[in-house]
Amino acid sequence: MSIRQQQRRAHIAVAAALALLMTCMVGLVASAGASPRQARPAHHAVLARVSGGTASFAELPGTPPNYIFPLEQLQYYAFNNIEFLQYLLWRPLYMYGVGTSPVLNQPLSLAYPPVFTNGDATVTITLKPYRWSDGSPVTTADVAFWQNLVKANKANWADYTPGYYPDNIVSMNILSSTKIVFHLTHGVSPVWFTANELGQITPLPVQTMDKISPTSPVKRYDETPAGAVKVWNFLNSESKILTTFATNPVWKVVDGPWKLQSFSVTGRAVFVPNPKYS
């Protein structure tokens, strides 16, 4: 396992814990608008859960998020971007982290456990009925969108290690809106492949992100290598404009538990619950 793959695996585990922490913090707030520090008495008594309120937490000094697109370059592959922004908005196909254990979190994963056949050289993935924040379902087209982008732009992807994902996927077949098949170069360890390869896949909303300019129509540019390069170039450039993180239409549709309401260049982010979170 490469260093970057180990980092990604650790990032996924911490992301699950952070999402749970934020949920718990919201439940512990004494009144709307009060931070957890203000709400908790000096004797640290556990308060009753309430509906609504505001949870506040501080990031490391001088490290606010500065890149929102989940398919990031190495210079943006950092804790502040992944845990404090990307994973709150877009979920990976398979989520890792149960309590303090870095194991598969099946309830939080977007797909059912993968099925390996053909000497573990073929893997079939069936999606759960998750929905994007615009109400549309998360489908295999969104998985294929990520796959096409990462395959055509792997040299720009921080997680890329030659010979591993996406190199070890020869082809893919979409069987339905919920079922997709990956054909691999050789048989693999299912546990290892799920954690270190399939766990790197983040389905992205093709209905809003498959663009090559701010004014271009949304269509399947990603289905050709040249088109996928243009899409990545556009999303990469948009992802560096911090002032539009909360307003740019390409970042508005999410499948995570939170939506970004506002964001400042100093790193102050305001998240609101995603009412369509599955």
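The values are calculated or read from the model by the stated rules, or taken from the named source; none is laboratory data. Remember, it's a predicted structure, so these values are computed and weren't measured experimentally. With ideal geometry, Cβ positions are generated from the backbone for all residues, glycine too; neighbour counts draw on all protein chains shown.
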Task: Criterion: more than 18 Å from Leu93 (Cβ to Cβ) and out of contact with any Cys (no Cβ under 8 Å at 6 or more places or on another chain) - qualifying residue of Thr178, Thr208 - done: Thr208
- [ ] Could you please find all residues in region 117-149 being out of contact with any strand residue (DSSP E or B) (no Cβ under 9 Å at 6 or more places or on another chain), more than 12 Å from Pro205 (Cα to Cα) and among the small types (Gly, Ala, Ser)?
- [x] Gly119
Open item on the list: Tally up the residues in region 257-268 that are closer than 25 Å to Ser109 by Cα and crowded, with 18+ Cβ neighbours inside 10 Å, please.
Closed with: 4
TODO: Within region 193-213, identify whether any single residue is closer than 29 Å to Ile241 by Cβ, more than 20 Å from the chain's Cα centre (by Cα) and either part of a helix (DSSP H, G or I) or not aromatic (Phe, Trp, Tyr) (or both), and answer yes or no.
DONE: yes
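A quick yes/no check of all residues on (1) in a helix (DSSP H, G or I); (2) at pLDDT 95 or above:
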residue	(1), (2)
Val231	yes, yes
Ser237	yes, yes
Val250	yes, yes
Val253	no, yes
Gly256	no, yes
Lys259	no, yes
Thr266	no, no
Val270	no, no
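Here's the yes/no breakdown for (1) without any contact (Cβ under 8 Å) to a residue 60 or more places away in the chain; (2) among the aliphatic types (A, V, I, L, M); (3) surrounded by fewer than 19 Cβ atoms within 10 Å (Cβ to Cβ); (4) touching a helix residue (DSSP H, G or I) at 6+ places or on another chain (Cβ under 9 Å):
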| site | (1), (2), (3), (4) |
| --- | --- |
| Gly119 | no, no, yes, no |
| Ile125 | no, yes, no, yes |
| Thr140 | yes, no, no, no |
| Val143 | no, yes, no, no |
| Leu149 | no, yes, no, yes |
| Ala155 | yes, yes, yes, no |
| Val170 | yes, yes, yes, no |
| Leu175 | yes, yes, yes, yes |
